[in-house]
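The values are calculated or read from the model by the stated rules, or taken from the named source; none is laboratory data. All values derive from a computational prediction rather than experimental measurement. FYI the Cβ positions are ideal-geometry reconstructions off the backbone, even for glycines, and counts take in every protein chain you see. Each accessible area value is taken on the protein alone, full model and side chains, heavy atoms only, with ligands, DNA and RNA left out. Shrake-Rupley method; radii C 1.70, N 1.55, O 1.52, S 1.80 Å.
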Amino acid sequence: MLRALVTGFEPFGGASLNASYEAVRRLPPRLGALDITTAQLPTSYARSAAVLEREIARVEPAIVLCVGEAKERTALNIERVAVNMQTARIADNDGAQPHNVQIVGGAPSAYFATLPVTAIHEALNGAGLPVVTSNNAGTFVCNHVFYTLMHCSAGNAEKFRAGFLHVPSWRKDSYEHEYEAGSAAPMTLDDIVRGIGIVLATTAAR
Ligand code: PCA
């Protein structure tokens, strides 16, 4: 069995749920040859990395996939690049709102995900799910966690493959201000869960 660690985030910005954790917690414990452990990360610059690193040390995974919600996006966004920068448009769950602050001083400007991004894109597309390969995970807590993950994986003797997926919200209340009233949600929660499963299965197969 291959162990996979999959994380989602706490709600943030006044929302009552976060699509990423709602989807992650619905994953089955077993998926083909994968043994799946899930965790919820705080939407906090100061606290998220410690929780992620603790889970990586505890689970010793071969694959780590962190998932976050981006309610302005309408497709699964497989993220290619994490940048060493924190700049927030809104406060995180601790009230922190950094501007132009490096995540790890003196560390590389950016890391690429080590998941098979092109194969994942093709697999999601082949399953009929909306997918975009993204080169911009933002500079909020999702990018912070993604960068921390890749920095940790680069420095870890026990190599694991790692990356990040942004998912849209499936709840009308979180996006109706940006979409026309009465329009359908971009994805259902079931399809978001299915998409995460395909990301994991595609990675495990390579
Ligand atoms: N989305 C935010 C942080 C937590 C989440 O689910 C982001 O895109 O940075």
>> Percent of Cα-Cα pairs more than 26 Å apart in segment 1-152, please.
In response: 22 percent
> What whole number of Å gives the distance from the Cα centroid of segment 37-103 to the Cα centroid of segment 126-167?
Replying inline: 9 Å
> Rounded to the nearest 0.05, what FRET efficiency do Arg30 and Ala50 have when you use their Cβ-Cβ distance and R0 = 30 Å?
Replying inline: 0.60
>> Could you report the accessible area of Met187 in Å², rounded to 10, computed with a 1.4 Å probe on the protein chains as they sit in the structure?
In response: 10 Å²
> Taking the Cα centre of the chain as the origin, how large is its charge dipole in debye, to the nearest 20, when only Lys and Arg (+1) and Asp and Glu (-1) carry charge on their Cβ atoms?
Replying inline: 460 debye
>> Using only DSSP helix segments of four residues or longer, with each worth -39500 (n - 2.57), what per-residue ellipticity at 222 nm results for the chain after dividing by its residue count and rounding to 500?
In response: -9000 deg cm²/dmol
> Taking every eigenvalue of the Cα gyration tensor of segment 30-90, multiplying by 5 and rooting it, what semi-axes result, largest first, whole Å?
Replying inline: 23, 18, 11
> Sorting Arg171, Arg206 by accessible area (1.4 Å probe), largest first, what list results?
Replying inline: Arg206, Arg171
>> Probe radius 1.4 Å, ligands and nucleic acids left out: which of Cys152, Cys66 has the largest accessible area, and how do the rest follow?
In response: Cys152, Cys66
> Considering only DSSP beta bridges whose two residues both sit in the chain, what percent are antiparallel, to the nearest 5?
Replying inline: 30 percent
>> If I model a spin label as a point 7 Å beyond the Cα along the Cα-Cβ vector, how far apart are those points for Ala107 and Thr188 in nm?
In response: 3.9 nm
> Using r as the Cβ-Cβ distance of Arg3 and Asn135, and R0 as 30 Å, what FRET efficiency do you calculate, to the nearest 0.05?
Replying inline: 0.55
>> Just to check I understand the Karplus step: with θ = phi - 60° and J = 6.51 cos²θ - 1.76 cosθ + 1.60, what whole-Hz values come out for segment 194-206, glycine and proline as x?
In response: 4, x, 5, x, 5, 4, 5, 5, 5, 5, 5, 6, 10
